[in-house]
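First comes the structure, then the notes that go with it.
Throughout, read-outs are computed from the coordinates displayed, never taken from laboratory work. It should be emphasised that the depicted structure is a prediction, and the values quoted were computed from it without experimental measurement. FYI the Cβ positions are ideal-geometry reconstructions off the backbone, even for glycines, and counts take in every protein chain you see.
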């Protein structure tokens, strides 16, 4: 179809249908997959899954994994479901059409080993409005805000599990305040920079419920090297086998 593209992530043996002019995933979900990791036999859920890239990558990354991708935009749900079929991952990945504020009706408390999210990072009414359909819903909060994503994540994750988010640095103080209010313990934090002289463009964080731990601030991740090309770590995450 002319209004869609099929893009390859050869490192994960994946082909992904995406809207040509709507929301298209960037590097962020791939960074989050690497940060979160997945172990054999784990169950995970991705909140606001878009085209399903995070469940598909992590579903491909270990044996016996099952991942649920939650998405409330009907068009993106259809694309994510087609991506599951296209990649033959129906046994590993399920797509659920639902808003994150209504997930208690679908799952028991503490159902998952891993909860991931790349939530909308702009508050409603802030930032530049995209002229392309679908992008504003992905970038700007609509029905669910950051607090709703964290409340859902706390409900869904096991006490032994982990919550891994990627978000914009402008939300970091709010993120820590909400985590404290919800009694979620931050365990790992990593800032993502374009290059060594640039401000952070994103942050990745791991949280846990029902247990304490000291926060580890990991070395920063630089997207670009000194030559202006993608850095070695990003090439390993995004580009290995994708040339």
If you stretched the chain out fully between residue 63 and residue 21, how much longer would it get, using 0.36 nm times the residue separation minus the C-alpha to C-alpha distance? 11.7 nm
In nm, to one decimal, how far is the residue 2 label point from the residue 177 one, both placed 7 Å along Cα→Cβ? 4.9
Taking the Cβ of each residue in 148, 7, 46 as the centre, tally the other Cβ atoms inside 10 Å and list the residues starting with the fewest. 7, 148, 46
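Taking Rh as the Kirkwood radius, which is the inverse of the mean 1/r over Cα pairs, what is the Rg/Rh value for the stretch 169-226?
Reported Rg/Rh (Cα atoms, Kirkwood Rh): 1.05.
Of the DSSP beta bridges with both residues in the stretch 4-239, give the percent that are antiparallel, rounding to the nearest 5. Let's see the in-between values first.
Details: 21 of 45 bridges.
Rounded to the nearest five, the antiparallel share is 45 percent.
Ranking 237, 205 by Cβ neighbours within 10 Å, fewest first, what do you get?
Details: 237 18, 205 22.
Fewest-to-most ranking of 237, 205: 237, 205.
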Once you've got the GNM for the chain with C-alpha springs shorter than 10 Å, pick whichever of 69, 48, 78 has the biggest mean-square fluctuation. 78
GNM result for the chain, Cα springs below 10 Å: residue of 45, 84, 75 fluctuating most strongly: 75
Please build a GNM for the chain, connecting alpha carbons under 10 Å apart, and tell me which residue among 104, 201, 15 fluctuates the most. 104
Starting from the 7 Å offset along Cα-to-Cβ, what nm value, one decimal, do you get for the label separation of residue 75 and residue 216? 4.1
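For the chain, what does the helix formula give at 222 nm: sum of -39500 (n - 2.57) over DSSP H segments with n ≥ 4, over the residue count, nearest 500 deg cm²/dmol? Before the final figure, lay out the partial values.
Numbers: 6 runs with 55 residues, N = 243.
After summing the helix terms and dividing by the residues of the chain, the value is -6500 deg cm²/dmol.
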